[in-house]
Amino acid sequence: MSISQRLDRLPATPLLIKVIIIAGLGLMFDAMDQGMVAGVIASIGLDWELTTAQRGLLGSSGVLGMLFGALVSGLAADRWGRRTIVLVTLLIFSFGSLLCGLAPGFEWLLVFRFITGIGLGGELPVITTYVSEFSSLKNRGRNVVIVESFWAWGWILAALVAYLAIPLYGWRAAFFIGAVPALFAAALRFLIPESPRFLERKGRLDEADKIVTKMERSIEQSGTGGTGFGVPLSVESGTPNPVPPVPLSPLTAFLTLWKKEYRQSTIVLWVLWFGVNLGYYGFVLWTPSFLVEQGFDLVRSFEFTLYMCFAQLPGYLTAALLIEKIGRKRVLTIFLVGTACAAWFFGHADSLPLVILSGCLLYFFALGTWGCVYSYTPELYPTAIRTTGAGSASAFGRVGAFIAPMIVPVVYAFVGPEYGFELVFVLLTGVFIVVALVVGILGVETKGKVIPEIE
């Protein structure tokens with residue numbers, strides 16, 4: 001019995017729970033940084049008297065780094081391991097955030113945001129792939145959404161920092177706060193092992209066997225006596241059946257994504273990532289600034305954003321409950337349509353209660369969508385090209401995230417403050433609808449599906 005087959009029959013083990021928690025903490029601190037950028041853009045725009053174009057460039061500089069980081073880390077993780085790349089990218093992110101707090105001027109801040117983006121963009125697709133590979137066939141989707149739900153807590157912490165710290169201590173304090181916890185998370189990550197599926201693929205069978213055997217024995221010692229799915233658990237002795245490793249160069253791995261058996265999935269993923277990034281960063285980085293433009297002061301806009309961030313938690317929870325019941329494709333489509341509708345209502349909200357209600361719905365559906373995206377992506381590829389596929393899709397998606405902060409203020413300024421806010425969200429509604437159609441028509445369902453390995 002192979003390592004992958006043994007993992008696929010396991011329930012939640014103590015090691016898996018540790019992996020989920022530590023991975024989640026890393027994402028939470030990443031989200032703190034990403035969430036604080038929205039508050040920083042609004043604050044630094046006033047502090048340094050930045051133009052609308054400069055504020056858009058500030059948002060895009062970090063996203064450009066995320067594009068580069070996602071592409072490189074995906075290729076690197078298929079070659080050198082998931083855990084190794086996660087550790088490296090998290091340290092880059094933390095160092096970059098610290099430098100942002102020390103930036104002497106606008107140009108330097110752009111450079112430091114780019115560095116931070118490399119770490120952030122590099123970690124996200126790899127860490128979710130890592131959790132997916134530690135999980136069994138029947139709970140991998142839910143586990144990834146649970147890890148992604150830590151992102152919501154990071155945004156909540158970011159909103160609290162923006163609401164409580166930035167008005168008192170300035171925007172630099174936000175970057176310093178964001179740098180320290182990430183180093184702590186990097187230290188914690190030394191407590192978790194490499195992905196057994198990756199080790200199996202690389203022919204490091206003894207290492208993989210040791211990790212999975214530990215997981216199996218922990219279940220036996222717990223007294224459950226089985227996998228929890230009606231399959232008796234008996235620890236296999238000896239070395240697992242070897243899977244001949246297939247060393248793929250980065251170029252070969254990337255080209256494999258476009259072979260006939262993976263081409264349609266790759267196209268769907270690239271459209272999905274591009275559209276969700278374009279739509280998401282089209283509103284999330286600009287929400288505090290938009291609220292200020294609508295007549296609310298900076299502190300009040302941070303307060304409203306905090307309310308909306310709390311709506312992310314039930315969004316993730318709902319996605320986690322549904323994803324193993326009705327499948328990834330259906331949940332993704334439902335949440336994408338929900339995001340589109342919420343964006344429409346947010347853009348047309350004409351009273352304070354409607355602004356808060358529609359904003360909460362927007363964050364509910366948008367972050368539930370993100371949980372599904374990260375769960376769905378690694379399930380479409382075999383181990384040998386899994387992070388290459390996830391990283392490439394993420395990198396292409398960051399093109400949308402890079403464009404969004406620059407397009408949105410241009411559209412807003414072109415129409416003017418009277419109708420600009422409304423038009424921006426009409427366009428974002430259209431983006432989410434198009435992506436929902438692509439996933440609903442061309443997407444492949446992966447619920448309960450075993451991806452054949454490349455021989």
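To the nearest 10, the accessible area of Arg172 is 80 Å² with a 1.4 Å probe. Which percent of the Cα-Cα distances in the range 9-70 go past 14 Å? The answer is 69 percent, as a whole percent. Surface exposure of the chain, expressed per residue as accessible area with a 1.4 Å probe, stands at 38 Å².
Amide hydrogen proximity for Ala103: with H placed 1.01 Å from N in the peptide plane, no residue at 5 or more positions away or on another chain lies under 5 Å. These residues, Phe365, Phe283, go from largest to smallest accessible area, 1.4 Å probe, as Phe365, Phe283. Placing +1 on each Lys and Arg Cβ and -1 on each Asp and Glu Cβ, with no other charges, gives the chain a dipole about its Cα centre of roughly 1120 debye. Per-atom-type breakdown for the chain gives carbon and sulfur 70% of the accessible area (1.4 Å probe, protein chains only).
Relative contact order, whole percent, for the chain stands at 26, derived from Cα pairs under 8 Å and 6 or more residues apart. Counted as membrane-span-like here are DSSP H helices of the chain whose alpha-carbon atoms extend 24 Å or more along the helix's own axis and whose Kyte-Doolittle mean is -0.5 or above; these are 14-47, 52-80, 82-101, 106-134, 140-164, 171-188, 260-284, 328-348, 352-376, 386-415, 420-442. Rolled with a 1.4 Å probe across the full set of protein chains, the surface gives Arg55 an accessible area near 40 Å². The fraction of Cα-Cα pairs per 10 angstrom bin, counted from 0 for the range 75-155, comes to 18, 38, 30, 11, 3, 0 percent, rounded to whole percents.
Were the residues from Thr84 through Thr51 laid out at 0.36 nm apart, the gain over their Cα-Cα distance would be 7.9 nm.
Each listed q (0.19, 0.23 Å⁻¹) maps to a log10 I(q)/I(0) for the range 332-435 from the Debye sum over equal C-alpha point scatterers, namely -1.01, -1.25. Applying 1/(1 + (r/R0)^6) with R0 = 45 Å to the Cβ-Cβ distance of Thr213 and Lys325 gives a FRET efficiency near 0.90. Remark: accessible surface ordering of Trp270, Trp151 (largest first) is Trp270, Trp151, probe radius 1.4 Å. Remark: the Cα gyration tensor places the range 47-101 in the oblate category, a/c being 1.5 or greater and a/b not exceeding b/c. Ala413 to Asp350: FRET efficiency via 1/(1 + (r/R0)^6), r the Cβ-Cβ distance, R0 30 Å, to the nearest 0.05? Computed FRET efficiency for Ala413 and Asp350 comes out at 0.90. Is the shape of the chain best called rounded, prolate or oblate, per the rule: a/c under 1.5 gives rounded, else a/b larger than b/c gives prolate, else oblate, with a ≥ b ≥ c the square roots of the Cα gyration tensor eigenvalues? Prolate, since a/c reaches 1.5 and a/b exceeds b/c. The Cβ shell under 9 Å around Leu248 holds other residues with a net charge of 0, Lys and Arg each +1, Asp and Glu each -1. Shape class of the range 381-432 from the Cα gyration tensor (axes a ≥ b ≥ c, square roots of the eigenvalues): prolate, since a/c reaches 1.5 or more and a/b is larger than b/c. Per-residue ellipticity at 222 nm, computed for the chain from helices alone with -39500 (n - 2.57) per DSSP H run of at least four residues, works out to -26500 deg cm²/dmol.
Taking a point 7 angstrom from the Cα of Tyr307 along the C-beta vector, which residues in the range 161-197 have backbone N less than 18 Å away? Zone members listed by number: 161-164.
The values are calculated or read from the model by the stated rules, or taken from the named source; none is laboratory data. Since the structure is predicted, the reported quantities are computational estimates derived from the model, not experimental observations. With ideal geometry, Cβ positions are generated from the backbone for all residues, glycine too; neighbour counts draw on all protein chains shown. Ligands, DNA and RNA are excluded from the accessible area calculation, which covers all protein heavy atoms including side chains. Shrake-Rupley method; radii C 1.70, N 1.55, O 1.52, S 1.80 Å.
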